[in-house]
1. Report whether or not B:ALA918 is in contact (Cβ under 8 Å) with a residue 12 or more places away in the chain, assigned to a helix (DSSP H, G or I) and within 12 Å of another protein chain (Cβ to nearest Cβ).
2. Just give me the residues in the range A:96-107 being at negative phi, surrounded by fewer than 24 Cβ atoms within 10 Å (Cβ to Cβ) and more than 8 Å from chain B (Cβ to nearest Cβ), in sequence order.
3. Could you please find all residues in the range A:373-390 being crowded, with 24+ Cβ neighbours inside 10 Å and within 8 Å of chain B (Cβ to nearest Cβ)?
4. If we scan the range A:38-49, do we find a residue that is among the polar types (S, T, N, Q), out of contact with any strand residue (DSSP E or B) (no Cβ under 6 Å at 6 or more places or on another chain), buried (at least 21 other Cβ atoms within 10 Å of the Cβ) and not assigned by TED's automatic domain parsing to the domain that holds A:ILE268?
5. Being buried (at least 18 other Cβ atoms within 10 Å of the Cβ) and within 13 Å of another protein chain (Cβ to nearest Cβ) is the filter here, so list the residues in the range A:267-280 that pass it.
6. Applying the selection to the range B:390-426, what residues are of a type outside the set (D, E, K, R) and more than 25 Å from B:LEU591 (Cβ to Cβ)?
7. Could you look through the range B:530-550, keep only residues that are surrounded by 20 or more Cβ atoms within 10 Å (Cβ to Cβ) and assigned to a loop (DSSP other than H, G, I, E, B), and pick out the one that is modelled with the highest pLDDT?
8. Of all the strands (runs of 3 or more DSSP E) wholly in the range B:299-381, which have at least 3 residues that are over 16 Å from B:ALA412 (Cβ atoms), of a type outside the set (Asp, Glu) and within 36 Å of the chain's Cα centre (by Cα)?
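The values are calculated or read from the model by the stated rules, or taken from the named source; none is laboratory data. This one's a predicted model, so the numbers in the text were calculated from it and none came from an experiment. Here the Cβ is made from the backbone with ideal geometry for all residues, glycine too, and neighbour counts use every protein chain on show.
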Amino acid sequence: MKEIIEKRIPFTKEMKKTHTLLVPTMLSMHFSIIVNILRAYGYKAELLTNSGRNLISAGLKYVHNDTCYPAQLVIGQFLDAINSGKYDVHRIALVIMQTGGGCRASNYIYLLRKALRRAGYGYIPVLSVNLSGIEKNSGFKITIPMWHRMVYAAFYGDLLLTLKNQTLPYEINKGDTDALIDKWISRLAEEMSHKLLRYKKIKKNYAEIVKDFAAIPKNTTPKPKVGIVGEIYVKFSPIGNNNLEDFLLSEGAEPVVPGLVDFCLYTIKNADIDYKLYGRGGYLKVFLHNFAYRFLIKKQNDLINTIKENSDFRPMTSFDEVPDMRKGIINLGVKMGEGWLLTAEMIELIHSGVNNIVCTQPFGCLPNHIVGKGMMKPIREKYPNANIIAIDYDAGASKINQENRLKLMLFNARENMGREIEDVSKPVRNRIK
Amino acid sequence: MLDIKINSYGKTLIGIDVGSTTIKAVVIKDDGVVFCDYFRHMSQVREKLVHLLNEISEYADDEVYMAISGSAGLGVAQECGIPFVQEVFATAETVRLLAPDTSVVIELGGEDAKIIFFEGGTDERMNGTCAGGTGAFIDQMATLMNVSPDELDKLSLNYERIYPIASRCGVFAKSDIQPLLNQGAKKENIAASIYQAVVNQTIAGLAQGRRIDGKVLFLGGPLYYLKGLRQRFKETLRLNDDNAVFPEYGRFSVSIGTALYALKQAEPVNLSDIKAKLMSERTAVNHIPVSSPLFENEEEYGKFIDRHAAASVKKADIEKYCGKAYLGIDCGSTTTKLVLLSENKELLYSYYNSNMGNPVDVVKYQLEMIYRITGNRITIAGSAVTGYGEELIKHAFNADAGLVETMAHFIAAKHFMPEVDFILDIGGQDIKCFKIRNGTIDGIMLNEACSSGCGSFIETFARALGYGIEEFSRLGLYAKHPVDLGTRCTVFMNSSVKQAQKDGAEIGDISAGLSMSIVKNALYKVIRANSADDFGNNVVVQGGTFLNDAVLRCFERELGRNVVRPNIAGLMGAFGSALYAMSLNKESSGLISPDDLKQFTHTAKAVTCNGCGNHCHMTVNTFGNGKKFVSGNQCERGLGIAPATDEVPNLYKFKRDYILSLPETDGKRGTISLPLALNMYELAPLWHALFTTLGFNVKLSGMSTRDLYVKGQHTIPSDTACFPAKLMHGHIEKLIEDGAENIFYPALSYNIDEGTSKNHYNCPVVAYYGELLYSNVDFNGVRFLFPYLNINKPKELVKELITFFQEFFPKQRIDKREIKKAVKNGFKAYDDYMNKVRAEGKRAVEYAKVTGKRIAVIAGRPYHIDSEINHGIDKLLTSLDFVVVSEDSVSDSVKPVEVNVLNQWTYHSRMYNAAEFAIETPKAELIQLVSFGCGIDAITTDEIREMLEKNDKIYTQIKIDEITNLGAVKIRLRSLIEALNERDN
């Protein structure tokens, strides 16, 4: 019986020199910077950019078809890349994030290894990026300075995401926003390779970025804002959500996407909640988590203040306020998948004036039965203006049906906005202060 | 014409609704509707629109205000530069204008179902990914019953009873309807049951916790035409004639709303311009992934045909043949196949056709035919029946033998390829594949539950596009750019095809694409193949679908090797049966004689068995000679045979009896009610003892029933959740009805730690379903308690319960000492229960050892013991002479196993250990029960299968959902037994 257990292929010190780390796409801006951090620390790393139907075919072939769609896509993306002939298959390693928890998503890394073995690539090492120190590899260690940099990569990414979404729909000269993003990504990536990481410099960058975006000439006609929440992969990844952001833009809407830092904070906070609810985890673990939590909140508030001080852009809501927003709707104990965060994010969006929400999930997503679809009734009761639509994504869902449902939400969004505009005259946006 | 007044402000308004199957158009002029039309577009949207606009020009000026709506209208609207309006939005506009006092709108279309609530802020909903109860579904079901939709409607009005039919998806429904048809249930009843399924689906899928009451407006084509459907809605929603409104404009509500939207446009358009745009060349093929043509030229095709011609059965002339003959009948789920073979295994006669909803009649007619042709020249020396209708046909006509489908197919395949090691059969409704190892059937895979994509769906498509199946598949052979349509469920294939057409794909491209989809679906979804090596070297393909050369070609291409397709691919079951009949070596068959056949009559009557709590719906078939055949029962009791299986250990029954025997007491502190769903099947002893110790009376909601499920379905917010979770809603409703004071279902992120896995989570659904219930169920003043508790540390639990009782039962003044004692008793009761289960498990294994019986290890989860969830599988197993043990009764008897996936859920961890137990124990076979929609089982199934197969054990998986029919399961288990028997010999 025991022989069926396959040994994990370790990533050795020698491999660090020879092997290229392949990183799947989820958030292109965040991950571009992160890949550069890896490079700065001596790894060969590459962000995968392949997309299209081949991914899905490869995923369907090697992953159980009832497994969540993100697993199929992430694994499909890896296999498609491996099969592309672009890489020396004996000189690559695959990097995957592991969050853990009671959701089946914690199994991705195992499913990836399984798929690799099935496809005849069992020798390719798979690396886990996680906070819990599981699955150690002699040749791969994310050191404290690296984590430190990754934290700021996440903040930079969230900042760019927030500003992009408030600029792109309104830019007068097509391409201004994208050009600016490219400029900043390469600059930030370059800075990440510097020996010294100074917070002062980072804050200066924040301000510069904000000013740069504010300086882009924009239309002032308001567009309906549409929030995107959901399972983390389909929420963020254009591969996962059939280019949802682009679709919303093409329909004349402004996408609003709560950032990655929120998800990290949610994960960290759960340690504290687990301790309070069940007495699990021990004091030290909780203390460390709470310390990290306060630290990140403080940094997020700095970022928010920079946005406020330098522009009229709508900053992200401080995560400090987010957990309480779900009060009366869902308990903080719901911690699998996106858990209470998803519900809280919907409410946070409504509080910040974004009544139109797309709740994305892979077909059959277990936690979202509860935290997404299960919470729509109480949210609608509490906020009658909420215009929420749930969209399921999987290899079998057809784009035309998804878009038709999104259009329904958008029609209502425009109509509701028409009513609002009659009442209030909107202020001029994004003035540089 | 529609008699409605609409202010058109002196303009001509045109609203066109291009739905998935039909086009609906209205022209509004001079404050009234001057033109309206409703017709099927056969997916030729542009052509039909040009025609429509020509007609419209007689009623309208050239300058008009026009808009388009509907799921198939988006592309056309974009191409012609006409404003597009979303159809639900359009409907709401219409209703606000024409029926402003409406509370709820229910609109059914071809592929969509919608509900709009108008009270308390408009709330619009459309069906999500699973699209059960829609017009297309009804059409599909009518086809299945071999009647037109109109006839179906007429039939439904004369129903006597309603059968439960799974409504979520056509594939599910078919599995319920087919056996009813085969068992001879009355068409009237089935028709009404289909409509009831549509109604249930609409309520379960869309109402999501909101009550449908007030004035309800019913719109859309199906609700306009189908009187029976209207009746079902009215009865189910308890509406009277005043608050159930079926307006004359029902079919046109979207078109009217679309016209109203057109009115808002600043600029008019010219009809002639639009016509010109519609007729202009389409944009070239763009952006659709295509593959190379199936065949480059006729020469290539010719070679292909010649190669396959080698696998043919010789024919002999039935008009001349004298001697013995052997009859094989395959009474499948939708078709009946019949083969008559000569002594030299030549084909004398064959029949392949739809069983017209009544296989008994079909077989009777065919036998008459054979007797007429053969007269006294031929003696039928043996007869055998296989397929879903095996027992019915065998009883009706007194055939010599019945054999399980898999065996019949294996025998047939061996005839063409003695060393066959893989058989793939794609029929009209199902996909079956068997692996053969050492001359016996080893693994069986069937398409279950969702996402079929079987043969009939090409046929349905061909018909929808206005082609016969043969012509349609021929078009695909040489198509230049076969489209990649992916592998998806039939319902959504429609929209993929629409998308492809929008992108410029031609019929041939689509035909070839559909063939590829079928093949990929079979390979990757059903068989879960990784490479051609999974198939072995000798593959026989069969089933009617493989007679389609395009499908065969796609399969060989995808597999990368040649396969054998017999020329009688569609008749293999019957052929195998005939060969089997021959092997019986009889002088003459006991088959009904020509004289008796003349007297043969058949009547079917529906009854409910009251032999046990399952209340099976049965059909009693009576034949002319007074013989009776009862079908539809889960056990043998309904047949009037006393069950001889009571003494055989059945852990499922043991656990059920144990849980149900938890006593009620006089609760001086009040009553706590526990819904017997999800993890309560296992934790009831704990909570029961805990609360009882504290002086509460504890009430359980009891085992699930179909009625109980229906009772709660209107509060289900996510229709893709698993069935065990959905049942929870019924249990809560029942407790509320029974006058509960407090309902308790705690939130438990962590399950009991049994020390066998890396973590011990509950799945998210089990853990947090209380949150969902609290938010979606109308508790009507009953207190619903779902505290977050830790059931691993008694000390923690005590702490948590102190807070809990202080908050919710402050007046009771329950002190720490009491709680401590209660927790202690609770855990003791839980341990007692688990120990008893394990002891009974040991006894069962011992019993099996002594008696030599086989052991069925059912790997499921605690809630699978509910007969409404497992549909009586445990009883079926005992009737097949298995000793039944559950995963939790044996999982501790082996050392904890290590697996290749993250093992972190307590319930699922037990299943891995149960698999290990099955591996280590002789004569133990594992049967995994998988609830449709259980995400975690997607991980466990693969792992358990791998574990078993590496150890030469057969893996059997049974997917269960609402479907109540055990037909497929029976075939599955009988095949398993056959395979085991052969192995043992």
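1. For B:ALA918, the condition - in contact (Cβ under 8 Å) with a residue 12 or more places away in the chain, assigned to a helix (DSSP H, G or I) and within 12 Å of another protein chain (Cβ to nearest Cβ) - is met.
2. Hits for the range A:96-107 are A:ILE96, A:MET97, A:GLN98, A:THR99.
3. If the condition is that a residue be crowded, with 24+ Cβ neighbours inside 10 Å and within 8 Å of chain B (Cβ to nearest Cβ), then A:LYS373, A:GLY374, A:MET375, A:MET376 are the ones that fit.
4. No; the residues of the range A:38-49 include none that is among the polar types (S, T, N, Q), out of contact with any strand residue (DSSP E or B) (no Cβ under 6 Å at 6 or more places or on another chain), buried (at least 21 other Cβ atoms within 10 Å of the Cβ) and not assigned by TED's automatic domain parsing to the domain that holds A:ILE268.
5. Residues satisfying the conditions are A:ASN270, A:ALA271, A:ILE273, A:ASP274, A:TYR275, A:LEU277, A:TYR278, A:ARG280.
6. Of all residues in the range B:390-426, those of a type outside the set (D, E, K, R) come to B:392-393, B:395-399, B:401-404, B:406-413, B:415-418, B:420, B:422-424, B:426.
Within the range B:390-426, B:ALA413, B:PHE416, B:MET417, B:PRO418, B:VAL420, B:PHE422, B:ILE423, B:LEU424, B:ILE426 qualify.
7. The residue in question is B:ASN548.
8. Result: B:347-354.
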